[in-house]
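S.K.: One structure, pasted below without further comment.
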Amino acid sequence: MAEAVVIRGLNKQFSSPDSPDRTVHAVRDVNLTVEPGQLVTLLGPSGCGKTTLLRMIAGFEEPTSGDIMFGDRRMNDVAPNRRDAAMVFQSYAIFPHLSVYENVVFGLRLKSLPAADLKAKADRILEITGLTAMQNRSPNQLSGGQQQRVALARAIVMEPKVLLFDEPLSNLDAKLRETMRVEIRELQQRLGITALYVTHDQIEAMSISDRIVVMNGGVVEQVGAPWEVYARPATRFVADFIGKANFVPGKVVDGGVEIAGQKFSLAHPTDQPNGSDVELVLRPEAVALSADSGVFAATVKRAMFLGNVAEYLLEVDGIGEWLVDVSNPGEVGLHERGSRIFVSPSQASLHVLP
Amino acid sequence: MLTNARSQLRILARDPILLALVGVIFAAILVFVVYPLAMVFITSFQDRGQWTLDHYGLLAERRLYKNALANSLSVGAMVGFLGVVIGYIAAFVLTRLDVPFKKLLHLITILPIISPPFVSAVSILFLFGFNGLITKQMLGLQDFSIYGFHGVVWSQVFTFAPIAYLSLRGVLASISPTLEDAALNIGATRWQTFWKVTFPLTLPGIASAFLIVFIESLADFGNPLVLAGAAFPMLAPQAYLEITGSFNLPRGAMLAVILIIPSITAFAIQRYWLAKRQYVTVTGKPTASTSKIVSDPVKWLLYAFVLLFALIVVMFYAVIIVGAFTQVWGFDYTPTLAHFAYVFNVGFKTVIDTLIIAIITTPISGILGMLIAYLVVRKTFPGKSAMEFGSILSYAVPGTVVGIGYILAFNDYPIVLTGTLTILVLCFVFRYVPVGIQSGIAVLRQIDPSIEEAAQNLGASSLTTFRKVTLPLIAPAFFSGLVYAFVRAMTAISAAIFLVSANWNLMTVQILNQVGSGRLGVAAAYSILVILIVLVAIGVINAFVNRMTRHTNMVRF
Ligand SMILES: Nc1ncnc2c1ncn2[C@@H]1O[C@H](COP(=O)(O)OP(=O)(O)O)[C@@H](O)[C@H]1O
Ligand SMILES: [Mg+2]
C-alpha cells in the first residue's frame, strides 16, 4: 500500500501578486525521494517554500517544471481528487457544516463503499483518535486538539498512499503539541503510510522524522537523518537553523584542523585540501568548561541559569564569542560575569563545514 | 502570459466537468448577454442594410429626442439627489441613533424594493391624478396635472430611495463610532465632527449610492410610462414607443445606445473607481454604537423625517389596497370585489404564466449565480475576469436596451425564440443573476479555501465539492440570489415588455395595460396579488434554504 514519493527537478514560480511580470521562485530544483512507509519532514523558516512543495504534491499547485511520482506513476497531470494523497491542513479545514462523524466519512462516502465497511472503518479510526464519544458533535464544539484529531482521522481513514501534513500542530499549545506529535508518529508507523510533514519547528522535526529535508529560499539545503542534520550540517544555514552553533575559523592540517594554534583531530575527515581555511561548527553542549584548566582561556560575558542548563556567552581568547551550555548547573553553581575560565571543545563533535 | 494561460488550461483539462462548465457559461454569456447588446449597436448604425450615422443625426435635429435625453438625465440626477438625502438620513437614524421601532421602520423603508414597479405610480394617480383623492376631492383643484417632471421624480424617489438607504446603511454601519468620539474628545463641535469626520468618510458611499439610484432611474420604465405624459418624453419609454408604436427598430436601437452610455459610465465609476475608495475603519463585525454627534432636538427632527417617509410608504400601500376594493376611484367609493374577480377570471392565465416563469427562473438563476461566483473566486482559468465582467454587465444595462437587444437577436435565424417561454426565462436569468454572483463572491471570499481543497483532497470532484461543501457554506448568499431572482421575475417590466406574447404574458404588463386603459382598480388588485406572491415565495425560499442546510447539519459559525 505504501508508495515511494519521488520528486525530480521540481520548480515553482509564482507571478508576483504586486507586479505581474516579476516572479517569485518559491521552489527551486528540488530533488527528493521518500521511501515507502517513511516519514520525512520539510523543515525551514517561514516563506521558504514548504507549503508550496506540499501543495504541488497534493495537486493544488501546478509545478512550473519537474516531475512528481508516486511509485512509478507520474502524478503531474492527475487531478487532486485522484491522487490518493490525503492532506492535513494547517487550518484543519474541517467542514463546519458537518458533524465529526460526517467529516470523517466524507471521503469514504465518495468511494461508495458498502455501508458496513464504511461504518467499520470510521469506528476504528474514531477509536484510534479518541473521538468516539464526540462523533455527533459539530466541529465548533471541539477544542483545538480535538479538531486537529478530526482533521487527522479524516485523512487517515482514507488509507491513502501518501499522507501530507502542513504544520498540523502549529495552532496548538506547547504541551498538546508534544503529545500530538507522538500520536501522529505512532499512527503513521502502525499504518505504514508514506508521509511528508511540514514544520518550522526543529524539535518537532527531529523528534518524529526518519529523515529531515532542510529548505531555505526554495532550495533544499540538506537531506538527512535527524542526527545527521544536527551533527553534520551541510551548510552554515543548516547548522544555524537547527539548534545553536558556534562557527569557529580553522585551518586544515594533515587531516586534522588547527584552531588558534591548537591542533585537533577529526572524527570525520574533511575532503578540503591541506592548508585551506575552513569553518567549523561547534555545538554549545560540545564544549567542556572548567575553572582550572582547558585548551583555551576565556572570559565570561554573560551567564544565564535556565534550569537544566546554564548558558554562557564567553569571549574566547584569540578566537571570539562562543555559546557554551553546561548541564546540571544546580550542582556546580554559576561562573560569574567577568570571571576567567577555560574551555575545551570535544574533538569528536567538531564538524568542518564542506 | 500565454504560457500562463496554457498551464491554466492544462489544470482545467484535468477536471473535464469544470472545463465543460466554464465553456458552457462563456458561450451562454456570449449568446445571451453580449450578442443582443452587439445587435443593438449594429442596428443603430444601419439603415436597410447600409451603414449610416443618420439615426444619431436625428438626435440633434429632433426636439423630441433631444428633450428625451435631457429629461431622462435631469430626472435621474434629481432622483439620485433626493434618494441619497432620504437614504442617508434614514440610514443614519436607523443605524446610529437610539430611537424606538428601528426594526419596523427598517422593514417599512425597504418594502418598496419588493413591490411591482407601479405601486407608487398608481398610488400617486389615486391621490394626485385628475380624479385624485387629495387634488380633486380634498383640495378641489381642477387643472392640476401630476404628469411630467415632478410626477416621475416623486414616484421614482419612493421606488429608489430604499436602494440608496440599503447601500448607505452598510457604509454608515462600518464606520467606527470611536472616530467620532475621538474628534469630540479633542474638542471638535458636533457640527465640525460631522462635516470633518463622518461626512468625508461616507462620501464615497454617498457618491456610490447616488450613481446606483441614477442608473436605476435612467433604466426605469414603468414610472415614466405612467407619469411622464406626452409633453415630457423620456428615453426608455420613447425607445419602446419607437419600436412598438412606429416599428422603427433602428431608431429604437439608437435611443437604447444613448440610454446605455450614461448608465455604463455611472456603473464603471461606481464599480471600478469608487468601490476602491470606500473606507472601512473596522474589520470583522460592524460595531454599531450610538452616535453622539447629534443633539436631542436634531435627533428627533431626523427621526420625524424618517417616520414621515415610512408613513408615506404605508399610505401608498394603504391606498393601493383600498383602491383594489373600490368601485371607481374618484367617483364611486363603494367596496367591491369586482377587480379581483376580473383578475381571477379574465387575467388568471397571466397570473399562472408569471408564476411559471418566475418558478423556472429562480433556481436556474440562483444556482448559476453561485456557480459563477465559485468559479470566479476559487478557480483560475483564462478569461476569468472577462467572465465576471460579462456576467455582471447586464446589471448596468437598462432593461429597455436588453429587451430591444433580445428582439433584435432572437427574432431571426440562427436563433428564433420570440414569443416563447424560453426567451423570457433566459432574459430574466441573465439580467438578474449578477446580484447572486456579487453576494456569492462576497461570502466565498470569507471562507477558507482549504475547506474546499480538503474536499477535493478526499476525492471529491469540483462539482461534488461545490454541491456538498461550497453550496451549504454559502447558503445565505444563495438565499438572497434566489429571492432577488424571484422578486425581479415577478416585478420586471422594462425588458419583458418587449418579449411577452399572447402565449406568455406577465402580470406587470397587465398592470401597465390596465393603467393605460384607466382601470386603476384592476391594476391595484394585480399589484396586491404580486406583493402577496412575493411575500409567500420569500417564506418558501427561506424554508427551503434552511432545510437544505439543516439537512447536512448546518452549524452556525
Ligand atoms: N499563490 C501565490 N502567489 C504568489 N506567491 C506565492 C503564492 N503562494 C506562495 N507564494 C510565495 O512563495 C514563497 C513560499 O511560500 P510558502 O510555500 O507558503 O512558504 P512556507 O510554507 O515555507 O512558509 C513565499 O515567498 C510566498 O510569498
Ligand atoms: Mg506554510
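Read the figures in this text as sums done on the coordinates, not as results from a lab. Note that the structure is a prediction, hence the values are computed from the model and not measured. Reconstructed Cβ throughout: ideal geometry from the backbone, glycine too, with neighbour counts over all protein chains shown.
S.K.: In nm, to one decimal, how far is the B:L463 label point from the B:I113 one, both placed 7 Å along Cα→Cβ?
M.R.: Simple spin-label model gives 3.4 nm for this pair.
S.K.: Hey, what do the phi angles of the range A:218-223 turn into as Karplus ³J(HN,Hα) couplings, whole Hz, using 6.51/-1.76/1.60 and θ = phi - 60°, x for Gly and Pro?
M.R.: Per-residue couplings from phi come out as x, 10, 7, 8, 6, 10 Hz.
S.K.: How long are the three semi-axes of the equivalent ellipsoid of the range A:130-261, in whole Å, if each is the root of 5 times an eigenvalue of the C-alpha gyration tensor, listed from largest down?
M.R.: They are 39, 15, 12 Å, listed from largest to smallest.
S.K.: If you plug each phi of the range B:372-379 into the Karplus form 6.51 cos²θ - 1.76 cosθ + 1.60 with θ = phi - 60°, what whole-Hz ³J(HN,Hα) values come out, in order, with x for Gly and Pro?
M.R.: Computed from phi, the couplings for the range B:372-379 are 5, 4, 4, 4, 5, 7, 9, 10 Hz.
S.K.: Right, here's the next one. Only counting other Cβ atoms within 10 Å, I'd like A:K119, A:K50 sorted with the fewest neighbours first. Intermediate values should be presented prior to the final figure.
M.R.: On the way: A:K119 14, A:K50 26.
Fewest-to-most ranking of A:K119, A:K50: A:K119, A:K50.
S.K.: A further question on this structure: Let me see the pair-distance distribution of the range A:244-352: every alpha carbon pair, 5 Å bin width, integer percents in order.
M.R.: Spelled out per bin, shortest first, that is 2, 13, 23, 24, 16, 11, 7, 3, 1.
S.K.: While we're on this one: For every helix of n ≥ 4 consecutive DSSP H residues, a contribution of -39,500 (n - 2.57) applies; sum these over chain B, divide by its total residues, and give [θ] at 222 nm rounded to the nearest 500 deg cm²/dmol.
M.R.: Calculated mean residue ellipticity at 222 nm is -22500 deg cm²/dmol.
S.K.: Taking the alpha carbon gyration tensor of the range B:1-153, what are the square roots of 5 times its eigenvalues, largest first, to the nearest whole Å?
M.R.: They are 45, 32, 15 Å, listed largest first.
S.K.: If you don't mind, there's one more thing I want to ask. Kirkwood hydrodynamic radius (Cα pairs, Å) of chain A? Walk me through the intermediate numbers first.
M.R.: Details: mean 1/r = 0.0435 Å⁻¹.
Over chain A, the inverse of the mean reciprocal pair distance is 23.0 Å.
S.K.: Mind pulling the angle between the C-alpha long axis of helix A:115-128 and the longest principal axis of chain A? Nearest 10 degrees, somewhere in 0 to 90.
M.R.: 30 degrees
S.K.: Which value, in debye to the nearest 20, gives the size of the charge dipole of the protein assembly as shown about its Cα centre, when Lys and Arg are +1 and Asp and Glu are -1 at the Cβ?
M.R.: It comes to approximately 2460 debye.
S.K.: Can you list the residues of the range B:29-56 with backbone N under 18 Å from a point 7 Å past the Cα of B:S246, pointing along Cα to Cβ?
M.R.: B:43-49, B:52-56
S.K.: How big is the charge dipole of chain B about its Cα centre, in debye rounded to the nearest 20, if each Lys and Arg gets +1 on its Cβ and each Asp and Glu gets -1 on its Cβ?
M.R.: Values: 34 positive and 19 negative charges, 243 e Å.
The calculation lands at about 1160 debye.
S.K.: So for B:S145, B:S494, fewest C-beta neighbours within 10 Å to most, what's the order?
M.R.: Ordered by Cβ neighbours within 10 Å, fewest first: B:S145, B:S494.
S.K.: Considering chain B, what Rg and Dmax in Å follow from its alpha-carbon atoms?
M.R.: Rg then Dmax for chain B, in Å: 24.6, 77.
S.K.: Could you pull out every residue, at least 5 positions away or on a different chain, whose amide H is within less than 5 Å of the one on A:A288? Hs are placed 1.01 Å off N in the peptide plane, and Pro or chain starts have none.
M.R.: Distant-sequence amide H within range of A:A288: A:S344, A:S346.
S.K.: Just to confirm a number: summing +1 for Lys and Arg and -1 for Asp and Glu over residues other than B:I404 whose beta-carbon lies under 15 angstrom from that of B:I404, what do you get?
M.R.: Values: positive: B:R251, B:R431; negative: B:E242, B:D412.
Once positives and negatives cancel, what remains is 0.
S.K.: Turning to a different aspect of this structure: If you restrict to DSSP beta bridges whose two residues both lie in the protein assembly as shown, what percentage is antiparallel, to the nearest 5?
M.R.: Details: 63 of 81 bridges.
Antiparallel: roughly 80 percent of the beta bridges in the protein assembly as shown.
S.K.: For the range B:310-315, just list the computed ³J(HN,Hα) in residue order, Karplus coefficients 6.51, -1.76 and 1.60, θ = phi - 60°, integers in Hz, with x standing in for Gly and Pro.
M.R.: For the range B:310-315, the Karplus curve yields 4, 4, 5, 4, 4, 4 Hz.
S.K.: Same structure again: First measure r as the distance between the Cβ atoms of A:N11 and B:D448, then evaluate 1/(1 + (r/R0)^6) with R0 = 30 Å and state the FRET efficiency to the nearest 0.05. Before the final figure, lay out the partial values.
M.R.: Working: r = 27 Å, r/R0 = 0.91.
For A:N11 and B:D448, the calculated efficiency is 0.65.
S.K.: Going by C-beta contacts inside 10 Å, put A:S209, A:S327, B:S176, A:S112 in order with the fewest on the left.
M.R.: Taking fewest neighbouring Cβ atoms as first place, the list is A:S112, A:S327, B:S176, A:S209.
S.K.: Can you give the log10 of the normalised intensity I(q)/I(0) at q = 0.21, 0.26 Å⁻¹, computed with Debye over equal Cα scatterers of the range A:1-85?
M.R.: -1.03, -1.42
S.K.: For B:S74 and B:V328, what does the FRET efficiency come to when R0 = 41 Å and r is the distance between their Cβ atoms, rounded to the nearest 0.05?
M.R.: So, using R0 = 41 Å, E works out to roughly 0.70.
S.K.: If you don't mind, there's one more thing I want to ask. When only Cα pairs under 8 Å and 6 or more residues apart are kept, what is the percent relative contact order across the range A:45-100?
M.R.: Values: 28 pairs, mean separation 14.7, N = 56.
Result for the range A:45-100 is 26 percent.
S.K.: A further question follows. Suppose R0 equals 45 Å. What FRET efficiency, 1/(1 + (r/R0)^6) with r the Cβ-Cβ distance, do B:L53 and B:T336 give to the nearest 0.05? Provide the component values of the computation, followed by the final result.
M.R.: On the way: r = 55 Å, r/R0 = 1.23.
Computed FRET efficiency for B:L53 and B:T336 comes out at 0.20.
S.K.: Let me ask something additional. Restricting to the range A:5-238, what percent of DSSP beta bridges are antiparallel, rounded to 5?
M.R.: So the antiparallel bridges in the range A:5-238 amount to around 55 percent.
S.K.: Take the alpha carbon gyration tensor of the range B:15-79, find the square roots of its eigenvalues, order them as a ≥ b ≥ c, and report rounded if a/c is under 1.5; if not, report prolate when a/b exceeds b/c, else oblate.
M.R.: On the way: a/c = 7.20, a/b = 1.87, b/c = 3.86.
Oblate, because a/c is 1.5 or more while a/b does not exceed b/c.
S.K.: Against the 2.2 N^0.38 Å scaling, with N counting residues, where does the range B:420-519 land? I'd like the Cα-based Rg ratio to two decimal places.
M.R.: Taking the Cα Rg and dividing by 2.2 N^0.38 Å, one obtains 1.50.
S.K.: Turning to a different aspect of this structure: Counting each DSSP H run of 4 or more residues in chain A as -39500 (n - 2.57), what helix-only mean residue ellipticity at 222 nm follows after dividing by all residues, to the nearest 500 deg cm²/dmol?
M.R.: -7000 deg cm²/dmol
S.K.: Further question: Which three lengths, in whole Å and largest first, does the protein assembly as shown cover when its Cα atoms are put on their principal axes?
M.R.: 121, 68, 62
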